[in-house]
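The values are calculated or read from the model by the stated rules, or taken from the named source; none is laboratory data. On a predicted model such as this, the values are computed, not experimentally measured, just so you know. Cβ coordinates were reconstructed from backbone atoms using ideal geometry, including for glycine residues, and neighbour counts include every protein chain displayed. Protein only, heavy atoms only, side chains kept; ligands, DNA and RNA dropped before computing areas. Shrake-Rupley method; radii C 1.70, N 1.55, O 1.52, S 1.80 Å.
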Amino acid sequence: MKIIAAKKILKANDQLAEENRAGFNAAGVYCVNVVGSPGAGKTTLLEALFTALKDRLRPAVIEGDIAGSIDAARIEKLGVPVVQINTQGACHLDANMIAAAAADFDLAAIDLLVIENIGNLVCTAGFDLGEHLRIVVLSTAEGDDKAAKYPAIFQGSQALFITKADLLPHLNFNAERITADFKRLAPQSEILQVAAIQGDGIPPAADWLAGKCAATLR
Ligand SMILES: Nc1nc2c(ncn2[C@@H]2O[C@H](COP(=O)(O)OP(=O)(O)OP(=O)(O)O)[C@@H](O)[C@H]2O)c(=O)[nH]1
Ligand SMILES: [Mg+2]
């Protein structure tokens with residue numbers, strides 16, 4: 001019985017996600033769901049990308065955290081509109097939460113809506129939020145075996161950002177291994193490598209993201 005209930009919840013989520021996506025399409029908003037472990041560098045990556053995309057795109061952010069508004073405050077500092085969702089223990093966002101948060105924005109004034117999901121490589125995998133693109137963020141310090149060990153989150157993502165590339169000289173992270181594992185799980189996907197604090201790899205990543213927006217909403 002419990003398994004059937006879980007399926008029903010996922011079905012209801014999928015329907016809501018489709019409604020979210022239809023709303024974003026109608027408003028001309030490109031939506032990106034950013035997933036990854038706690039501390040992988042998601043917010044730092046967003047800060048760097050938004051700075052690089054200043055004057056090119058009008059972004060907004062939905063920040064998902066179990067508690068607090070630390071990341072929302074970081075995004076707000078950039079002058080980017082942000083809504084914080086506190087899940088109070090839940091390990092992922094769902095489409096219903098996104099519908100409620102998105103209603104707080106003037107979608108006509110936004111080109112790019114980024115959802116920073118709860119830091120988690122497991123729970124976030126099963127929930128479509130209505131995004132156009134899911135990016136999985138993996139920092140070099142987490143190890144090159146993560147796609148093999150947590151396949152679902154990688155399989156459902158269309159892009160992998162390898163972050164903290166500046167730490168590579170201190171680690172035994174093998175980019176070829178993660179690339180091979182990720183490509184096996186998601187053959188059509190793309191891989192970008194950045195050191196967001198230093199800014200390495202950010203200009204091409206910003207161009208890539210702007211291109212994705214333009215191609216989808218054209
Ligand atoms: N060396 C290095 N550290 C980084 C880089 N990007 C982020 N960090 C550091 O990694 C830590 C976590 O970064 P965040 O951007 O907050 O990570 P997050 O994925 O948003 O974390 P949660 O929202 O808590 O899941 C911080 O101390 C950052 O300064 C990077 O490119 N290089
Ligand atoms: Mg964060």
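One residue is enough: does segment 26-48 have a residue meeting the conditions over 29 Å from residue 144 (Cα atoms), open to solvent by 20 Å² or more (accessible area, probe 1.4 Å), away from ligand 2 (no atom under 11 Å from the Cβ) and part of a helix (DSSP H, G or I)?
yes
Taking the conditions exactly as written (within 15 Å of the chain's Cα centre (by Cα) and either farther than 30 Å from residue 170 by Cβ or open to solvent by less than 40 Å² (accessible area, probe 1.4 Å) (or both)), does residue 58 satisfy them or not?
no
Six or more apart or on different chains, Cβ atoms under 8 Å: show the pairs whose first residue is in segment 2-13 and open to solvent by 50 Å² or more (accessible area, probe 1.4 Å) and whose second is assigned to a helix (DSSP H, G or I) and modelled with pLDDT of 70 or more.
10/126
Out of curiosity, is residue 67 more than 16 Å from the chain's Cα centre (by Cα) and within 16 Å of ligand 2 (Cβ to nearest atom)?
Judged against the criteria, residue 67 is a match.
What pairs come out if I take residues in segment 109-128 that are of a type in the set (Asp, Glu) and at pLDDT 95 or above and pair them with residues that are in a helix (DSSP H, G or I) and within 12 Å of ligand 2 (Cβ to nearest atom) whose C-beta lies under 6 Å away, six or more apart or interchain?
Close Cβ pairs (under 6 Å, with a partner that is in a helix (DSSP H, G or I) and within 12 Å of ligand 2 (Cβ to nearest atom)) amount to 116/42.
Being over 12 Å from the mean Cα position of the chain (by Cα), open to solvent by 20 Å² or more (accessible area, probe 1.4 Å) and among the small types (Gly, Ala, Ser) is the filter here, so list the residues in segment 117-142 that pass it.
Those that are over 12 Å from the mean Cα position of the chain (by Cα), open to solvent by 20 Å² or more (accessible area, probe 1.4 Å) and among the small types (Gly, Ala, Ser): 126, 141.
Quick one: in segment 65-78, of everything that is closer than 11 Å to residue 43 by Cβ and within 10 Å of ligand 1 (Cβ to nearest atom), which residue is most open to solvent (accessible area, probe 1.4 Å)?
Step by step, filter segment 65-78, then rank; the result is 70.
Residue 151 passes all but one of (1) within 18 Å of residue 133 (Cβ to Cβ); (2) open to solvent by less than 60 Å² (accessible area, probe 1.4 Å); (3) out of contact with any strand residue (DSSP E or B) (no Cβ under 8 Å at 6 or more places or on another chain); which number fails?
The single condition residue 151 does not satisfy is (1).
Please work out if residue 111 is more than 24 Å from residue 208 (Cβ to Cβ), more than 15 Å from ligand 2 (Cβ to nearest atom), of a type in the set (D, E, K, R) and open to solvent by 30 Å² or more (accessible area, probe 1.4 Å).
It is false that residue 111 is more than 24 Å from residue 208 (Cβ to Cβ), more than 15 Å from ligand 2 (Cβ to nearest atom), of a type in the set (D, E, K, R) and open to solvent by 30 Å² or more (accessible area, probe 1.4 Å).
Only residues in segment 58-73 that are without any contact (Cβ under 8 Å) to a residue 40 or more places away in the chain count as the first member; pair them with residues that are small (Gly, Ala, Ser) and surrounded by 15 or more Cβ atoms within 10 Å (Cβ to Cβ), Cβ under 6 angstrom, at least 6 apart or cross-chain, and list the lot.
none
If a residue counts only when it is in contact (Cβ under 8 Å) with a residue 40 or more places away in the chain and either within 16 Å of ligand 1 (Cβ to nearest atom) or under 19 Å from residue 36 (Cα atoms) (or both), which helices (runs of 4 or more DSSP H) contained entirely in segment 137-218 have at least 2 such residues?
202-217
Among (1) out of contact with any helix residue (DSSP H, G or I) (no Cβ under 9 Å at 6 or more places or on another chain); (2) open to solvent by 70 Å² or more (accessible area, probe 1.4 Å), there is one condition residue 208 misses while meeting the rest; what is its number?
(2)
Contact list please: Cβ distance under 9 Å, first residue in segment 30-53 and of a type in the set (Lys, Arg), second residue more than 8 Å from ligand 1 (Cβ to nearest atom) and assigned to a strand (DSSP E or B), pairs at least six apart or on different chains.
That search, which allows pairs on different chains as well, returns 42/34; 42/35; 42/135; 42/161.
Being open to solvent by 50 Å² or more (accessible area, probe 1.4 Å), more than 15 Å from the chain's Cα centre (by Cα) and more than 23 Å from residue 62 (Cα to Cα) narrows it down to one residue among 146, 183; which is it?
Sole residue among the options that is open to solvent by 50 Å² or more (accessible area, probe 1.4 Å), more than 15 Å from the chain's Cα centre (by Cα) and more than 23 Å from residue 62 (Cα to Cα): 183.
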